[in-house]
Amino acid sequence: MGQDLKWKINTMPKTDDRNLPLMSESEVRKARTFHQSFPQYSITPLADLNAMAEHLGIGRLAVKDESYRFGLNAFKVLGGSYAMARYIAEETGKDISNLPYHTLISDELRKEFGQATFFSATDGNHGRGVAWAANKMRQKAVIYMPKGSTQTRLNNILAEGATATIETVNYDECVRMAAAAASKTPHGVVVQDTAWEGYEKIPAWIMQGYGTMANEADEQLGERPTHVFVQAGVGSLAGAVVGYFTNKYKENPPTMVVVEADVAACLYQGAMANDGNIRIVDGDMDTIMAGLACGEPNITSWDILKNHAACFIVAKDPIAARGMRMLAAPARGDIPVISGESGAAPFGALVTIMTDEGCRELRDALKLDKDSRVLLFSTEGDTDPERYKNIVWEGKER
Ligand SMILES: Cc1ncc(COP(=O)(O)O)c(C=O)c1O
């Protein structure tokens, strides 16, 4: 499996790091307080896989299980919901701390703010989160999905009362479609989980929303992780997690590793180019890791990753599939984690690094050994149940 994994140690030039404060503890605290105001809120479990840690030759392995998030099977709703609330707060001249869930759904706010239409493009999870939050907050949502999106994912979004369609173009094109449609709609707002030149405020709120997950995991861990592995599509999540742990452990940050799908390896390509500039990957990006199939990096996040990620890894589909299977059927004594394709990619990568002789150089470079305390995020459960069964139960490739 070593041939299914490539890596680049980060040697890019550093910048003035102006985006790091976005993920300060106090900013993340605001997001977490907001999420806690939802009746559906509960802390998702952190699975301590002791037997697996021993099997892999590391000291501790903790997997944050986002399949429990708000009943939505993925972490993504944390970002969309927080950004939508921040937008409403700004429009009504309020502080987000004065806009908890029960105020957001009140008739008074309805009178004051009216109804916005939130537009977004999605592989599935972000759009479902936006649709869910719009539904809960009595707003409207319109969602565009790239070609290849499954009917199940579309149905999940439609079930939240949103307007949603599967288009004939890829994810990045869908982002442009959402932006164009919003600009033609009265009170139309793009709530997209990636930043580009001139569109940075809402994605920064989305990243802060993801901070809730990092903050919970940090608290549950009860000690500084030595290593954090995080998966990336556009890199908003990775920037949020890397930013959070860099701020939290300023003097001695964990070694942070970013994992992408090989067909959508825009961050890795940037790291390979080594000049600090963004690289874009185009094409169909056909991978089972639907959530990671994005070829244009978030510019805000890229800056954080350039300064603080230790290594960029790209993984082929069999690595994610192996991660899914091993989390579902753990070592004796550990609990199983239902982890989908994008969720299991970092675990699959870690297993490969620790067990494949071809990865010894990387293992040594990252100093992964019996003293390592590794934190991973399983960012989704079986969000595509058919495919999950095919891979985990039937042993198929997809
Ligand atoms: C389950 C899952 N994990 C990870 C990611 C990657 O997040 P980002 O696009 O912010 O890099 C996504 C994105 O949709 C996702 O759905």
Subset of segment 344-377 [farther than 19 Å from R60 by Cα and small (G, A, S)]: G358
Where a residue in segment 252-271 is over 19 Å from A344 (Cβ atoms) and assigned to a strand (DSSP E or B) and its partner, wherever it lies, is modelled with pLDDT of 95 or more and basic (K, R), with Cβ under 8 Å and at least six apart: T255/K367
Boolean, G343 is without any contact (Cβ under 8 Å) to a residue 40 or more places away in the chain and buried (at least 20 other Cβ atoms within 10 Å of the Cβ): no
Test: residue in segment 323-330 that is under 22 Å from A47 (Cβ atoms) and assigned to a loop (DSSP other than H, G, I, E, B): yes
All strands (runs of 3 or more DSSP E) inside segment 124-206 with 1 or more residues being closer than 22 Å to E90 by Cβ and either in contact with a His (Cβ under 6 Å, 6 or more places away or on another chain) or not basic (K, R) (or both): 140-145, 188-190
Residue in segment 164-179 that is crowded, with 22+ Cβ neighbours inside 10 Å, within 28 Å of P39 (Cα to Cα) and of a type outside the set (S, T, N, Q) present: yes
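Residues checked against (1) surrounded by 15 or more Cβ atoms within 10 Å (Cβ to Cβ); (2) among the polar types (S, T, N, Q); (3) within 14 Å of A164 (Cβ to Cβ):
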site: K94; (1), (2), (3): yes, no, no
site: N98; (1), (2), (3): no, yes, no
site: T117; (1), (2), (3): yes, yes, yes
site: S120; (1), (2), (3): yes, yes, yes
site: D123; (1), (2), (3): yes, no, yes
site: A141; (1), (2), (3): yes, no, yes
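Residue by residue, here is whether (1) closer than 20 Å to R29 by Cβ; (2) within 16 Å of the ligand (Cβ to nearest atom) holds:
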site: K64; (1), (2): yes, yes
site: Y87; (1), (2): yes, no
site: S106; (1), (2): no, no
site: R128; (1), (2): no, yes
Answer from T194, T185, T168, T150 - the residue that is closer than 30 Å to R387 by Cβ, among the polar types (S, T, N, Q) and over 20 Å from the mean Cα position of the chain (by Cα): T168
Answer from D369, D384, D364 - the residue that is within 16 Å of the ligand (Cβ to nearest atom) and more than 16 Å from the chain's Cα centre (by Cα): D384
Of all residues making up segment 307-340, the number that are buried (at least 17 other Cβ atoms within 10 Å of the Cβ), closer than 19 Å to T355 by Cβ and among the hydrophobic types (A, V, I, L, M, F, W, C): 12
Test set (1) farther than 24 Å from E200 by Cα; (2) assigned to a loop (DSSP other than H, G, I, E, B); (3) among the acidic types (D, E) - D17 fails condition number: (1)
Test: I58 is out of contact with any Gly (no Cβ under 9 Å at 6 or more places or on another chain), touching a residue at least 12 places away in the same chain (Cβ under 8 Å) and under 20 Å from G323 (Cα atoms): yes
Test: G161 is more than 18 Å from A31 (Cβ to Cβ) and either over 19 Å from the mean Cα position of the chain (by Cα) or within 15 Å of the ligand (Cβ to nearest atom) (or both): yes
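The values are calculated or read from the model by the stated rules, or taken from the named source; none is laboratory data. No experiment lies behind these values; they were computed from the predicted model shown. Don't worry about glycine lacking a Cβ; one is built from the backbone with ideal geometry, like all the others, and counts go over all protein chains shown.
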